[in-house]
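The next block holds one structure in the form of structure tokens; read it before the comments.
The values are calculated or read from the model by the stated rules, or taken from the named source; none is laboratory data. This one's a predicted model, so the numbers in the text were calculated from it and none came from an experiment. Every residue, glycine as well, gets a Cβ built from its backbone with ideal geometry; the counts of neighbours run over all protein chains shown. Just so you know, the surface numbers come from the protein's heavy atoms only, side chains and all, with ligands and any DNA or RNA stripped out. Shrake-Rupley method; radii C 1.70, N 1.55, O 1.52, S 1.80 Å.
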Amino acid sequence: DAEVAEAMNRLFVSIKVDREERPDLDQIYQTAHQIFARRGGGWPLTMFLTPDQVPFYAGTYFPKHARHNLPGFVQLMQQVERAYRERRQDIEAQNQELLSVLARYEPGPAAAVKFDAGPLEAARAELGQAFDRQWGGFSKAPKFPRPAELEFLLRRHSDEEARSMALLTLERMLRGGLIDQLGGGFYRYSVDERWAIPHFEKMLYDNGPLLGLMADAWALTGDTIFSEAAERTVAWLAREMTAPAGAFYSAQDADSEHVEGKFYVWTPNEVRALLSAEQWEVAALAWSLDQPANFEAEHWHLQQPRTLAALAEQLNLSQTEAETRLDLARRALFAAREKRVHPGRDDKILTSWNALMITGLAHAGRVMGREEWIRRAQAAADLLRARVWVDGRLYANLTAAGPRLTGYLDDYAFMLEALLELLHAEFRADDLTWAREIADALLEHFEDAEAGGFFFTAHDHEALIHRSKPGHDNATPSGNAVAAWALNRLGLLLDEPRYTGAAERTLALFWPAVQEMPMGFTRMLALLEELLSSPALVVVRGPLSDLGTWRRALSRIPGVIGLTLPNGLGALPDTLNKPEGQEARAWICQGQRCLAPIASPLELTQSLQTLG
């Protein structure tokens, strides 16, 4: 808008920040907005700063002209500029107070603590109280998937209520409109409490963790609704989101042709024209096209609230026939939709978001026995190692010109977690080597060795007005939580106290906050669980041809650090250096202390059950 732009550039030095490339700035400014407004922020975010970079006024969306109790942006800018000229001393005093408040947001030095299960029990109780028992999820509208909380509940699958809360939430997402029923991939969030109508943006960082959850839900239930969602999500990833070299793009826009959701929605007449009478009979009921319009009062966003069995019974068809007709209808609609103008794609390749998808892909591939998914995850990791790991440092963004912007805590933490998942899926010595290098870089460049925990920016990062140590989970999991969990896992794997010690110091730093607000620290609680009850390390060694059976057995045993090592690998760490043999054998270990070798996957399963 020319008029708005003229005022912006006349009154201010205007700077546009890509929050995905500069999460360090975004964290500071979102926190400042929360302090000013006493509520959460979002995007777009408008910050007015003094020349020394300290914010003194903020807001999210401003219309051009005043409406809905919001000031017009041009008028607002004029008022802010006048205040800066006429009330400079007041602004400077406010700036000092803001800096003081920002400093108080950070946890104090870690104290000596004795960890206990209290926060685990409290988080479980809080989630039970917040749970929407009709539609799933843990809030009213807008409703977000919140993968970390669902992971927390699925880890408690022997707790019937915890298990049912997680599974009901996931099923409601899949039967509602949070997933693309034709092309796969999850949207950002639901604007209503029923998961019916989404904000149509698809983010890589949502789809990676949700993919892993689909695999875990399938493993617990055997329900094909979860496996099919995983398959369609990987198909979307391969089709829409994979760069030629193997890494993954960041996001797909919500709108096309300047209209949100236009690419995805239908009218019944459009659908009927594409299908045979038999296909329409099933599709109309399956996707609720027989119900009133659910999007903008004139279009239908496809949902699938009825089960296939109920659908077949209602139409007096066999379930196989109903499934066949619906699959043909899905293919026909997808082919027609491909001819529409597609939503825009954000083709940034971000290290941290790629790592989240690598973790989800490798985990789903391991749990569901999909070797090609593991290969796709390995290819992405190999590309990142070749392109964004430079002189022992990670970069945050890969562009056509090469790596750009030195990495943040999330880049290191999420990549370390991804490498651990890849090692579980299929052991490669290079992945273990890189994991150790990343862990060492984390300690060198990010750890607060005195107070505990990890800064979001490296020690040699540019000086900003505030340096944070984020522990609370947000749209992505806490970098401190993931770093500490992954370091602890790697420390158990290698019997390396430098790593496990850093993990314990991190939890100690955040322990008061974890006790006060456990539901906001569910990824940190994963570390607490493993510090209270260390997971078993299982090392399988033998001919490559024997390892598939063992790997499948390990994939069905949650909470185990399981590695399958083929003969002939060469030098290995002492904890993994088990004898080679003509037949595979397994060792259950704690550090370098192991039980007698086990000869069969069945015996391994029984032994682990005995150990609890």
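Odds and ends about this structure:
- Only one of the numbered conditions (1) open to solvent by less than 20 Å² (accessible area, probe 1.4 Å); (2) closer than 13 Å to Trp389 by Cα; (3) not in a helix (DSSP H, G or I) is not met by Arg404, and that is (1).
- Tally, over the stretch 426-461, of residues that are in a helix (DSSP H, G or I) and open to solvent by 20 Å² or more (accessible area, probe 1.4 Å): 9
- Meets criteria (within 28 Å of Thr433 (Cα to Cα) and either modelled with pLDDT under 90 or buried (at least 19 other Cβ atoms within 10 Å of the Cβ) (or both)) for Thr610: no
- Taken across the stretch 44-63, residues that are farther than 23 Å from Asn95 by Cβ and either open to solvent by less than 50 Å² (accessible area, probe 1.4 Å) or basic (Lys, Arg) (or both) do occur, with at least one present.
- Among residues of the stretch 242-271, those that are open to solvent by 40 Å² or more (accessible area, probe 1.4 Å) and not in a helix (DSSP H, G or I), counted: 9
- Helices (runs of 4 or more DSSP H) (entirely within the stretch 8-115) containing at least 3 residues that are over 29 Å from Val514 (Cβ atoms) and of a type in the set (A, V, I, L, M): 73-86
- The helices (runs of 4 or more DSSP H) found entirely in the stretch 289-377 that carry 1 or more residues being surrounded by fewer than 14 Cβ atoms within 10 Å (Cβ to Cβ) are 308-315, 319-337.
- The residue of the stretch 521-561 that is surrounded by the fewest Cβ atoms within 10 Å (Cβ to Cβ), among those that are small (Gly, Ala, Ser) and at pLDDT below 95, is Ser545.
- Lone unmet requirement of (1) under 18 Å from Gly177 (Cα atoms); (2) open to solvent by 10 Å² or more (accessible area, probe 1.4 Å) for Arg239: (1)
- Taken as a whole, the structure places Thr320 among residues that are among the hydroxyl-bearing types (Ser, Thr, Tyr) and free of Cβ contacts under 8 Å to residues at least 12 places away in the same chain.
- Scope the stretch 95-123; condition under 15 Å from Gln30 (Cα atoms), open to solvent by 40 Å² or more (accessible area, probe 1.4 Å) and aliphatic (A, V, I, L, M); matching residues: Leu99, Ala103
- Of all residues in the stretch 565-598 being over 26 Å from Pro497 (Cβ atoms) and open to solvent by less than 60 Å² (accessible area, probe 1.4 Å), the one that is modelled with the lowest pLDDT: Gly581
- For the stretch 217-236, a tally of residues being of a type outside the set (S, T, N, Q), in a helix (DSSP H, G or I) and either touching a strand residue (DSSP E or B) at 6+ places or on another chain (Cβ under 9 Å) or open to solvent by 30 Å² or more (accessible area, probe 1.4 Å) (or both) returns 9.
- Residue in the stretch 337-351 that is closer than 30 Å to Tyr264 by Cβ and without any contact (Cβ under 8 Å) to a residue 24 or more places away in the chain present: yes
- Residues in the stretch 72-86 that are closer than 20 Å to Ala2 by Cβ and either β-branched (Val, Ile, Thr) or open to solvent by less than 70 Å² (accessible area, probe 1.4 Å) (or both): 6 in all.
- Selected residue (criterion: nearest to Pro198 (Cα to Cα)) from residues of the stretch 120-161 that are of a type in the set (S, T, N, Q) and assigned to a loop (DSSP other than H, G, I, E, B): Ser139
- Taking (1) at pLDDT 95 or above; (2) farther than 15 Å from Asp448 by Cα in turn, Thr506 satisfies each apart from (2).
- Sole residue being open to solvent by less than 40 Å² (accessible area, probe 1.4 Å), within 21 Å of Leu563 (Cβ to Cβ) and in contact (Cβ under 8 Å) with a residue 40 or more places away in the chain, chosen from Leu384, Leu423, Leu398: Leu423
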